[in-house]
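Peer 1: There's a structure below that I have some questions on.
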Amino acid sequence: MQRGENKFRAQQWFQWVYQRGITDIDAMTDLSLSLRSSLRADTELALPVIESENISRDGTIKWLLRVDDGNAIETVYIPEKSRGTLCISSQVGCALDCTFCATARQGFNRNLTAAEIIGQVWIADQRLRAMGKSKHAITNVVFMGMGEPLLNFNNVVSVIDILLDDFAYGLGKRKVTVSTSGVVPKIDTLSQTVDVSLAISLHAPNNELRNELVPLNRKFPIEELLAACKRYLSQKHRRESITFEYVMLDKVNDSIDHAKQLCALLTNVRAKVNLIPFNPFANSGYRRSSQQAIDQFSEVLMQGGLTVITRRPRGEDIAAACGQLAGKVVDKAHRDSHYVRLYERSMLSRRIATTCA
Ligand code: SAH
C-alpha cells in the first residue's frame, strides 16, 4: 500500500513484526504517531491459532494451526546438530493425489494466503524462543508441508521475499527450499522470479510407475520435468544442484533395476538424491523398504556417481514425518468418495480380470 512514507518505515515495520515478534501497533514506538494511527485503521495483524503442539522423543515439534472455522494445517520443526529446519504448508490439503501421501487422502480445500504461510514461521519462531531456544533456531525453511507450493505460486513467492529479507528473517537463499511434484511451467517461472533451492519429488524412474505414484506425471512426464530442471540449473547464477526426493516403497520402486534406471535418468543433471524411507499411515497400502533394499539402492546410485542422502525419519511418534501431515481439511474435492470410487473401480477390474481368466 502506498503511504507516502520513506522506505525505511517499511523496514522498521518488518523488524517489529518479524524480528521482535510484536503485533501490537501501539508498541512500535519508533513509528510516528500518525503512521501508527493510519496503520491501526487499515492493517490487520492476524495469525493462525495454535490448536495443538506435540513434541517428539527426537525433539521434532509439530503444530496444528487453525486457519479458519473448518480447516487446520500442520507445521513441523526439525532440530539437528548444526541446523533447525522448519517445514511449512502452502495449501489446506493437497489436490495432487500422490498415492503414498497422507495429505492427499485429506483432499483439498484452498490455497493458504501469504499471511497464513509466513504466520507459520512467525508462530514457530515465537514458540521456539519461548522454549528458550536461540534466536536463530530456524536456520532453514522448506516448503515440504501440506500442499503443492507451485500451485500457490504468488503467495509462496511473497513469503520467500520475506524469508530472504534482511529486515525480516534474513535467510540465505540456499536455506530456503521449494519442493514440487513437478509443475513444469511454474518451475520456469520460479527460476525467473526468485533464487532458492529446488527439490523435485521424483519417486519413480520411469513414466509408467510415476504415472501411478504421482498422477501429475500424466500431465508433465519425466522428460519434460527433467528438461525444466536442466533449464533451472543452466541459469548462470546457479552453480548448485537440484535435490530429487525418492520415497522408498517396499517392492514398488526400490529394486536394483529401478536404481539403475534412476542413474541413467540423472546422468547430465546436477543432482542430489534424497532417499526417504516411506512413513506409514493408516490404510496407506504401502510398506517401507527394508534397510537392505535402501542400502543396496543407495549403493547403486553412488556407484553411478550420484550424491545420495538417506533421510532419517524424524518425528514419527507424533506423525510429523514426511508425508504424514494431515491437519484438518474440509475436503472440497470430496476425496473420500473419490477414493471409494477408485477402490470400487479397481475391485471391478480385478473381478473382470478374474472372470476373463
Ligand atoms: N507437494 C510438494 C511438497 C510436499 S513435500 C512435493 O510433492 O514435493 C513432502 C515430501 O514428502 C514429498 O517429497 C513427498 O512426496 C514426500 N512424501 C509424501 N508422502 C510420504 C510418505 N508417506 N513417506 C515419505 N515421504 C513422503
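The values are calculated or read from the model by the stated rules, or taken from the named source; none is laboratory data. It should be emphasised that the depicted structure is a prediction, and the values quoted were computed from it without experimental measurement. Cβ placement follows ideal geometry from the backbone for every residue including glycine, while neighbour counts extend to all protein chains displayed. Accessible surface is based on the protein model in full, side chains and every heavy atom, while ligands, DNA and RNA are left aside. Shrake-Rupley method; radii C 1.70, N 1.55, O 1.52, S 1.80 Å.
Peer 1: According to the Cα gyration tensor, what semi-axes, each the square root of 5 times an eigenvalue, does the equivalent ellipsoid of the chain have, listed from largest to smallest in whole Å?
Peer 2: Values: eigenvalues 285, 109, 76 Å².
Equivalent ellipsoid semi-axes, largest first: 38, 23, 20 Å.
Peer 1: Something else: Enumerate the amide H contacts of Gly315 below 5 Å, restricted to partners 5 or more residues apart or on another chain; note that Pro and chain-start residues carry no placed amide H.
Peer 2: Those qualifying (amide H under 5 Å, at least 5 residues apart or on another chain) are Asp58, Thr60.
Peer 1: Also, I was wondering about something else. Kindly provide the helix-only [θ] at 222 nm of the chain, computed as the sum of -39,500 (n - 2.57) over DSSP H runs of four or more divided by all residues, to the nearest 500 deg cm²/dmol?
Peer 2: Working: 11 runs with 128 residues, N = 357.
Computed ellipticity for the chain at 222 nm equals -11000 deg cm²/dmol.
Peer 1: Also, quick follow-up: Equivalent-ellipsoid semi-axes (√(5λ), Cα gyration tensor) for the range 129-251, whole Å, largest first? Mind dumping the intermediate values first?
Peer 2: On the way: eigenvalues 155, 63, 32 Å².
Whole-Å semi-axes of the equivalent ellipsoid: 28, 18, 13.
Peer 1: Check which residues have an amide H placed less than 5 Å from Lys328's amide H, if you skip close sequence neighbours.
Peer 2: Distant-sequence amide H within range of Lys328: Ala72, Ile73.
Peer 1: Once you list every other residue whose beta carbon is under 13 Å from the beta carbon of Ala271, what net charge do they have if Lys and Arg are +1 and Asp and Glu are -1? Can you show the working numbers first?
Peer 2: Numbers: positive: Lys230, Arg270, Lys272; negative: Glu240, Glu245.
It works out to a net charge of +1.
Peer 1: Related question: Taking amide hydrogens as modeled 1.01 Å from N in the peptide plane, which residues meet the under 5 Å criterion relative to Ser201, leaving out close sequence neighbours?
Peer 2: Result for Ser201 returns Thr180, Ser181, Gly182, Glu245.
Peer 1: Also, I was wondering about something else. Tally Lys/Arg at +1 and Asp/Glu at -1 over every other residue whose Cβ is under 12 Å from the Cβ of Ser158; what's the total?
Peer 2: Working: positive: none; negative: Glu116, Asp161, Asp165.
Here the count lands on -3.
Peer 1: OK, next. Given 0.36 nm per residue, what is the gain on full extension from Asp257 to Arg129 after removing their alpha carbon distance, in nm? Write down the numbers at each step before the final one.
Peer 2: Numbers: separation 128, 0.36 × 128 = 46.08 nm, distance 4.76 nm.
Going from the current span to full extension adds 41.3 nm.
Peer 1: A further question on this structure: About the Cα centre of the chain, how large is the charge dipole given +1 on each Lys and Arg Cβ and -1 on each Asp and Glu Cβ? Please answer in debye to the nearest 20. Kindly include the intermediate steps, with their values, before the conclusion.
Peer 2: On the way: 45 positive and 38 negative charges, 111 e Å.
Result for the chain is approximately 540 debye, rounded to the nearest 20.
Peer 1: Using a 1.4 angstrom probe, figure out how much accessible area the chain has per residue, in square angstrom, rounded to the nearest whole.
Peer 2: Working: 17180 Å² over 357 residues.
With the other protein chains kept in place, the chain gives 48 Å² per residue.
Peer 1: State the answer as a single residue: which of Val141, Leu96, Leu151 lies farthest towards the positive end of the charge dipole of the range 79-160, with beta carbon charges of +1 for Lys and Arg and -1 for Asp and Glu, about the Cα centre.
Peer 2: Toward the positive end, the furthest listed residue is Val141.
Peer 1: Among Ala10, Leu33, Gly21, which residue has its Cα furthest toward the positive end of the charge dipole of the range 1-45, with +1 on Lys/Arg Cβ and -1 on Asp/Glu Cβ?
Peer 2: Of the candidates, Ala10 comes out farthest on the positive side.
Peer 1: Now a separate question. Going through the cross-link list Lys219/Lys332; Lys230/Lys260; Lys230/Lys332; Lys62/Lys173, which pairs have a Cα-Cα distance over 26 Å in this structure?
Peer 2: Numbers: Lys219/Lys332 22 Å; Lys230/Lys260 20 Å; Lys230/Lys332 36 Å; Lys62/Lys173 24 Å.
Table pairs above 26 Å Cα-Cα are Lys230/Lys332.
Peer 1: With the full set of protein chains in place, find how many percent of the accessible area of the chain is carbon and sulfur; take the probe as 1.4 Å. Before the final figure, lay out the partial values.
Peer 2: Numbers: 8870 of 17180 Å².
Carbon and sulfur atoms account for 52 percent of the accessible area of the chain.
Peer 1: Further, regarding this structure: List, in order, the whole-Hz ³J(HN,Hα) value for each residue of the range 122-139 obtained from phi through the Karplus relation with A = 6.51, B = -1.76, C = 1.60 and θ = phi - 60°; use x for Gly and Pro.
Peer 2: Running phi through 6.51 cos²θ - 1.76 cosθ + 1.60 with θ = phi - 60° gives 4, 5, 4, 4, 5, 5, 5, 5, 5, 7, x, 6, 5, 4, 10, 5, 8, 9 Hz.
Peer 1: What's the local net charge at Leu31, with K and R +1, D and E -1, over the other residues with C-beta under 15 Å away? Show your work: numbers first, answer last.
Peer 2: On the way: positive: Arg3, Lys7, Arg9, Arg20, Arg36, Arg40; negative: Glu5, Asp24, Asp26, Asp30, Asp42.
Net charge around Leu31: +1.
Peer 1: Extent of the range 99-196 along each principal axis, from alpha carbon coordinates, in Å, largest to smallest?
Peer 2: Cα spread of the range 99-196 along its principal axes, largest to smallest: 39, 32, 21 Å.
Peer 1: Now a separate question. With every protein chain present, what accessible area does Glu51 have (1.4 Å probe, heavy atoms only), rounded to the nearest 10 Å²?
Peer 2: It works out to around 70 Å².
Peer 1: Each residue of the range 197-206 in order: what ³J(HN,Hα) in whole Hz does its phi give by Karplus 6.51 cos²θ - 1.76 cosθ + 1.60, θ = phi - 60°, with x for Gly and Pro?
Peer 2: 7, 10, 10, 10, 7, 8, 6, 8, x, 9
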